[in-house]
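Novice: Before I ask anything, let me first share the structure, which is written out below as structure tokens.
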Amino acid sequence: MSKQPAKPASRLHVCYFGTYRANYERNRWMIERLARQNVIVKECHATLWQGLEDREQIASGGWRNPIFWGRFLLAYLKLLWRYLRIGDYDVMVIGYPGQPDVPLAWLLTRLRRKPLVWDIFMSIYLISMERHIDSRSAISSRLIQSVEKFSLMLPDLIIVDTPVYSEWYQKEYNLDPGKIRLVPTGADDREFQPGEEFSDHRLFQCIYYGSYIPNHGVRYIVEAARLLAGQPDIHFVFVGTGPEKEQIESMVRQFGLTSITFHDWMAKNELIQEICHSDVLLGSFGITPQALMTMQHKIHEGLAMAKPIINGDSPLMRRTLVNKKHIYLCERENPESLAEAILTLYRDRELRERLGQNGFTFYQENYQFDKLGAKYAEILRETADLFV
């Protein structure tokens, strides 16, 4: 009697739920990765937040305004309406940030006896402390912490970006390590890919791009540029906007620096071209908890593009990448150390090429877009199987 072929496994259905930032890279990439793994993703989303400034204003005490609570109620009524039409699914995932979404999501999944997974990514309580919301509204800060702690108790599984962040959640909230899984953010290497090896332009170009927030430590790049002012071939390009940009531009004028060029955010293809034309990518040099516990998108993107990267040292960097093999690490909040690192790479083309190639190989082995998608999908399938 011939053996019957095994029945193919049914496709995983995921309900992606919440008021998450729909255009944020972490959310977009996680959803796209699942879709590329033959997972059916049903987005159940409603807009609550209207940008970074809006979230900061609400967190600083704006939540007391009745207008906000009307907006809050309307968003969750829309979310519930869409959920009732989403159909069946195997597992629900809450996107980032999802702290206020968790209680409703928990209730809905308990009613359907489905597992609940939360991609918490970053702590909004920690972010609020870095942005000094506690000094503007101590009540708001305590409320954010309480909501986050309560929300972490409810899901069946928590997804985080880095092992250091995982350890922080365990220590801060006494979170069970068995409840946590790691899925790094990576980069969109379908677009961020190696270009020309190294440009032949006359200037040695160092690029910073980002949102000018404290954990990037952009002021230390400016101070390093001041120390390197006697090296006319070394030039800096700053791309982006953010809360500290005016202060940074003021520093550059005060120091009389002509080696720094500012650009607002570019179209993605233009940014990628600018990175290709740069000799070194500059990462994060601040000492905020976020700076020490996360690996910024630009680090992943630089690795994916085989670019030599200079970044501030941290336990996470040491645990993830090998100094002077995959990346060049310098002391944080130390412009002299950063200037020395830039000068070293300026003078050593062979080291730049080695860092770029080793970093690219490491990226392909650990962070490639579809590899992370396969890991994420497998975690969700295993979680869903526990509820069958």
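The values are calculated or read from the model by the stated rules, or taken from the named source; none is laboratory data. Computed from a predicted model, the values in this text were never measured in an experiment. Quick reminder, even Gly has a Cβ in these numbers, built from the backbone with ideal geometry, and neighbours come from all protein chains shown.
Novice: Evaluate the stretch 292-310: report whether one residue or more is modelled with pLDDT of 95 or more and either aromatic (Phe, Trp, Tyr) or over 27 Å from Lys268 (Cα atoms) (or both).
Specialist: Among the residues of the stretch 292-310, not one is modelled with pLDDT of 95 or more and either aromatic (Phe, Trp, Tyr) or over 27 Å from Lys268 (Cα atoms) (or both), which makes the answer no.
Let's see how each residue does on (1) surrounded by fewer than 21 Cβ atoms within 10 Å (Cβ to Cβ); (2) touching a Leu at 6+ places or on another chain (Cβ under 7 Å); (3) over 21 Å from Gln193 (Cβ atoms):
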site: Gln296; (1), (2), (3): yes, no, no
site: Ile299; (1), (2), (3): no, no, no
site: Leu329; (1), (2), (3): no, no, yes
site: Tyr376; (1), (2), (3): no, yes, yes
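Novice: When the residues of the stretch 248-270 are narrowed to those that are part of a loop (DSSP other than H, G, I, E, B) and of a type in the set (Gly, Ala, Ser), which ends up surrounded by the most Cβ atoms within 10 Å (Cβ to Cβ)?
Specialist: Ser259
Novice: Another question about this same structure. Among the residues that make up the stretch 266-286, is at least one of them among the basic types (Lys, Arg) and more than 16 Å from Asn215 (Cβ to Cβ)?
Specialist: Scanning the stretch 266-286, I find at least one residue that is among the basic types (Lys, Arg) and more than 16 Å from Asn215 (Cβ to Cβ), so the answer is yes.
Novice: Kindly indicate whether any position in the stretch 148-156 is of a type in the set (S, T, N, Q), under 30 Å from Ile287 (Cα atoms) and in a helix (DSSP H, G or I).
Specialist: Yes, the stretch 148-156 contains at least one residue that is of a type in the set (S, T, N, Q), under 30 Å from Ile287 (Cα atoms) and in a helix (DSSP H, G or I).
Novice: Consider Val164 against the criteria (1) within 30 Å of Glu353 (Cβ to Cβ); (2) in a loop (DSSP other than H, G, I, E, B): it satisfies all of them except one. Which criterion is unmet?
Specialist: Of everything listed in (1) within 30 Å of Glu353 (Cβ to Cβ); (2) in a loop (DSSP other than H, G, I, E, B), Val164 misses just condition (2).
Novice: If Ala229 satisfies all but one of (1) at pLDDT 95 or above; (2) over 17 Å from the mean Cα position of the chain (by Cα); (3) closer than 23 Å to Glu336 by Cβ, what's the number of the condition it fails?
Specialist: Condition (1) is where Ala229 drops out.
Novice: What residue, among those in the stretch 118-148 that are of a type in the set (Asp, Glu) and within 30 Å of Gly186 (Cα to Cα), is farthest from the chain's Cα centre (by Cα)?
Specialist: Across the stretch 118-148, the extreme among qualifying residues is Glu148.
Novice: Identify, please: which residue in the stretch 78-89 is over 11 Å from Lys42 (Cα atoms) and under 29 Å from the mean Cα position of the chain (by Cα) and is, among those, surrounded by the fewest Cβ atoms within 10 Å (Cβ to Cβ)?
Specialist: The selected residue is Leu80.
Novice: Quick one: Phe285 ticks every box in (1) aromatic (Phe, Trp, Tyr); (2) farther than 18 Å from Ala224 by Cβ; (3) assigned to a loop (DSSP other than H, G, I, E, B) bar one, so which box is it?
Specialist: Against the list (1) aromatic (Phe, Trp, Tyr); (2) farther than 18 Å from Ala224 by Cβ; (3) assigned to a loop (DSSP other than H, G, I, E, B), Phe285 comes up short only on (2).
Rundown of residues vs (1) assigned to a helix (DSSP H, G or I); (2) closer than 23 Å to Ala22 by Cα, yes/no style:
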{"position": "Leu104", "(1), (2)": "yes, yes"}
{"position": "Leu108", "(1), (2)": "yes, yes"}
{"position": "Val117", "(1), (2)": "no, yes"}
{"position": "Ile139", "(1), (2)": "yes, no"}
{"position": "Arg142", "(1), (2)": "yes, no"}
